[in-house]
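Visitor: Just dropping this structure here.
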Amino acid sequence: MCSLPDLPRASGAPAGLLRPVNSKPNIEAPKEPCAIAFIDGQNLFHCAEEAFGHTYPNYDPLKLAQEVCRQNRWKLTQTRFYTGYPLLSAVVVGTISGPERRYACRVLA
């Protein structure tokens, strides 16, 4: 770790100021930016319901994340799916059945 006197600073700048506020750092963007997709399952479901009339979740979060990243030329490194509905508990306890259970098992697999 550098001590304060060893750090580079703009000429004439007071101690502690590394570069003028209006200067830009010399950082190049990566050739292939990485992305982590965070998907809110309840929000996605309700938007799909409103837009397309779907009455049960029939989307694929991984394919959605892959397509968004493909269109933006990003490298997808992770996909995280969040839902307010406790899928795992519902499957284990057996409080859901039919299409909802099949969907929950597919998402949790």
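Visitor: Could you work out how far apart the two model spin labels at GLN42 and TYR82 are, taking each label as a point 7 Å from the Cα in the direction of the beta carbon, and quote it in nm?
Guide: Taking the simple label geometry, GLN42 and TYR82 are separated by 1.1 nm.
Visitor: Figure the gain on full extension for GLN71 and CYS34 (residue separation times 0.36 nm, minus the Cα-Cα span) and round it to one decimal in nm. Display every interim value, and only then the final one.
Guide: Details: separation 37, 0.36 × 37 = 13.32 nm, distance 1.31 nm.
Residue separation times 0.36 nm, minus the Cα-Cα distance, leaves 12.0 nm.
Every read-out reported here was derived from the displayed coordinates using simple, explicitly stated rules and does not represent laboratory data. Quantities reported herein were computed from a predicted structural model and do not represent experimental measurements. Neighbour counts run over all protein chains shown; Cβ positions are idealised from the backbone, glycine included.
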